[in-house]
1. Filter the range 43-58 down to the residues that are touching a residue at least 12 places away in the same chain (Cβ under 8 Å) and small (G, A, S), then identify the one that is farthest from R68 (Cα to Cα).
2. Can you work out which of the residues in the range 1-42 that are of a type outside the set (G, A, S), open to solvent by less than 90 Å² (accessible area, probe 1.4 Å) and under 22 Å from R68 (Cα atoms) is modelled with the highest pLDDT?
Amino acid sequence: MTVHFAGEQPPISQAATWSAATLGAGEAYEAACLAQAAGISREEAMGLVRRHGTHRATLMAAARRLKRG
């Protein structure tokens with residue numbers, strides 16, 4: 001298990017392994033809403049919530065960038 005310091009971003013491979021259990025209740029809700037609204041997978045949405053927090057406008061912008069590639 002790799003330890004990450006506050007503010008440090010984990011590699012993408014670890015971001016893909018996050019589950020709803022590792023998110024707080026509000027973060028899991030935001031991830032589910034984001035996945036549905038943005039048309040991305042739940043795992044991708046959870047990674048975005050972990051990286052960017054729960055601000056909806058920021059999450060939607062990040063989801064759009066993710067979809068564009």
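The values are calculated or read from the model by the stated rules, or taken from the named source; none is laboratory data. All of these numbers come straight from a predicted model, not from anything done at the bench. Don't worry about glycine lacking a Cβ; one is built from the backbone with ideal geometry, like all the others, and counts go over all protein chains shown. Note: accessible area is taken over every heavy atom of the protein model, side chains too, but ligands, DNA and RNA are not part of it. Shrake-Rupley method; radii C 1.70, N 1.55, O 1.52, S 1.80 Å.
1. Of everything passing the filter in the range 43-58, G47 is farthest from R68 (Cα to Cα).
2. Across the range 1-42, the extreme among qualifying residues is I40.
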